Structures are given as structure tokens and as C-alpha cells.
């Protein structure tokens, strides 16, 4: 069992180096999730990305505290890391708990908030029109539907080049984004749950290492000899 001072120090340093790599991994996953969703405003995915950035900063604090055996650094490292565990575990659980209907609601809210130029760009790249089936023919779907919905005339021409149907129009963009959004949620949630439990291990190691005595420093001794008569 790793119970000595040197072993605890090396384990804490190695774990913080691992956290730096995990932080970059979470940032990469968050960037990929945003790129895959293209237009959707997913705050949960943004939370995972923010956790990756914060985890890197905390790992630097943990590395400095482990190398110097700094009591104050290790104390704040434990407190902040435990708070990050609570936040990351909650966000990752939310990612896994979101169902397909809620994902569609998040995606539709994101579609309504982005500028028309971006919606037009997505429609041209995916050859789709509107977010759902009714908006694809430029019909209002809800009171919150954007009034500046980009025109589907040019996109419909590309989709219906080989069709003789007068009512031909491009499919909606929402179903095309559904699989990518679901994959992003599941990936972020799974990684967040797995790595959040390792943060509990880091808190335990930091607490144990902080309370251990550095063998390089001699313990304090009495200034009087043992045979001194008071």
C-alpha cells in the first residue's frame, strides 16, 4: 500500500499530470460536441468544456503543492477539487439523464437564438430547410419561432433538381442533427462520470500527504538536555 511520504508525493504528482491530460481531453470533447451540433446552444456541453479548463488550473495548483509540500496550497487544492467534483458529477449526470425530447428542445432553442446567417449556412451545408417538418415549408411552429427565418428557395432548388413534384422541398434540419446531439451528450456524460470519481481519490491523497511529515526535515527537539534538573 502507498502509505509513505515519497510514495504519496509521487502518486499525487502523477495523478495531477493525469488531470492535465484529462482537462485537455474534456476540452477536446466539448469542442467536438459544439462542432458536431453545429448550431445548437448546449449549455451542458459548455459546462463540460469549462470543467476541463478549470481542471487544468487546479492541477497546476496541486502539482505546485505536491512538489513543495505546501500546506496552504494543498488545503485549497482539496477544497476546490471537491467542489469541482460536485459540479462535474452533476453536469455529467444531467448529460446522461437528458432524453431525446429534451435534446430536441435544447436544439430548437439554439436554432432560434443563432443569427439568420448561420441558419442559412447550415441549411446550405446539410441541404435542409428549417428546424422541423413544418418550419421547412416556412410555416410558424410556435410563438417563439424566429420571424427572420432564412428563405429555403435556393436550398429547395438543390434538393428538388431531379424531382417533378411541385410541392417538393428539403427535409428539416432537426432530425439530421439529432444523432450528433445524442452522441455528444452521451460522450460528455460518460467521460464526466468516470473522471469525476478520480477527483475523490485525489482529495484523499492530498489530505493524507498533507498530514504526513517530510523526512527531509528533522522533528523539533527540546532545547534542554534530558538529564536537566528543574
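Any read-out appearing in this document is the output of simple, stated calculations on the displayed coordinates, not a laboratory observation. Being a predicted model, the structure only gives us computed values, none of them experimental. Cβ sites come from the backbone with ideal geometry, for glycine too, and all protein chains shown count toward neighbours.
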key: Footprinting exposure proxy for 72, 203, 67 (fewest neighbouring C-beta atoms within 10 Å first)   = 72, 67, 203
request  = Mind giving me the FRET efficiency for residue 13 and residue 113? R0 is 30 Å, r the Cβ-Cβ distance, nearest 0.05 is fine.
outcome  = 0.10
ask   = How many angstrom separate the Cα center of the stretch 96-129 from the Cα center of the stretch 169-222?
value = 29
request  = Just rank 213, 69, 127, 169, fewest to most, by other beta-carbon atoms within 10 angstrom.
outcome  = 213, 127, 69, 169
Inter-probe distance in nm under a simple model that places probes 7 Å from Cα toward Cβ, at residue 127 and residue 93 = 4.5
ask   = In what sequence do 9, 158 fall when counting other Cβ within 10 Å, fewest first?
value = 158, 9
